[in-house]
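A.B. asks: My questions all concern the structure below.
The values are calculated or read from the model by the stated rules, or taken from the named source; none is laboratory data. All values derive from a computational prediction rather than experimental measurement. Here the Cβ is made from the backbone with ideal geometry for all residues, glycine too, and neighbour counts use every protein chain on show. Ligands, DNA and RNA are excluded from the accessible area calculation, which covers all protein heavy atoms including side chains. Shrake-Rupley method; radii C 1.70, N 1.55, O 1.52, S 1.80 Å.
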Amino acid sequence: MTKRLASCSCGQLSAEVIGEPVRISICHCLACQRRTGSVFGEQARFPRENVTVSGVSTEYERVGDEGGKVKFHFCLACGSTVYYGLESVDGFVGIPVGAFADPGFPTPRVSVYEERMHSWVVPPADAERIP
């Protein structure tokens, strides 16, 4: 069974996952752009029972465009987001793919909020694309 470790920049907060993600997506919404400081966010979703968190986090709750709440957990020391929970998909944990620092991480299979995608971004050819 695959084990992966996601962590913040300073290493104080981490999330160990067991198994493969049930969904890997890139999100082009403006909130993800602001949260990541990049032109999109990439995240992997895992069943909650397959995720073990270590360290101390602070929580920030945001209401999405469609009204659902998202609770982001980030490191108090370095500010990196390590995991989050979506009210609409209870039982799962989202982890920013960059927190794994693994260039071999599987390719995203879904691309969402594409109407806000930067013109030069090219999602994977076989990804499900949601405007």
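A.B. asks: Enter the accessible area of residue 81 (Å², nearest 10), with the probe set to 1.4 Å and all protein chains included.
C.D. replies: 30 Å²
A.B. asks: Ok, one more. In what order, largest first, do 76, 13 sit by accessible area if the probe radius is 1.4 Å?
C.D. replies: Result of the area sort, largest leading: 76, 13.
A.B. asks: To continue, here is another question. What is the magnitude of the charge dipole of the stretch 32-131 about its Cα centre, with +1 placed on the Cβ of each Lys and Arg, -1 on the Cβ of each Asp and Glu, and no other charges, expressed in debye to the nearest 20?
C.D. replies: 200 debye
A.B. asks: 222 nm [θ] for the chain, helices only, -39500 (n - 2.57) per DSSP H run of 4+, per residue, to 500?
C.D. replies: Value at 222 nm, helices only, nearest 500: -1500 deg cm²/dmol.
A.B. asks: Then there's this: Per residue, how big is the convex hull around the C-alpha atoms of the stretch 31-117? Give it to me in cubic angstrom, could you?
C.D. replies: It comes to 114 Å³ per residue, whole-number rounded.
A.B. asks: Still on this structure: Please report, as a whole percent, how much of the solvent-accessible surface of the chain comes from carbon and sulfur atoms (probe radius 1.4 Å).
C.D. replies: 52 percent
A.B. asks: Could you do me a favour and compute the accessible area per residue for the chain, 1.4 Å probe, result in Å²?
C.D. replies: 55 Å²
A.B. asks: How much accessible surface does residue 59 have with a 1.4 Å probe, in Å² rounded to 10?
C.D. replies: In the full protein context, residue 59 sits at about 100 Å².
A.B. asks: Less than 14 Å Cβ to Cβ from residue 102, Lys/Arg counted +1 and Asp/Glu -1: what total charge do the surrounding residues give?
C.D. replies: -1
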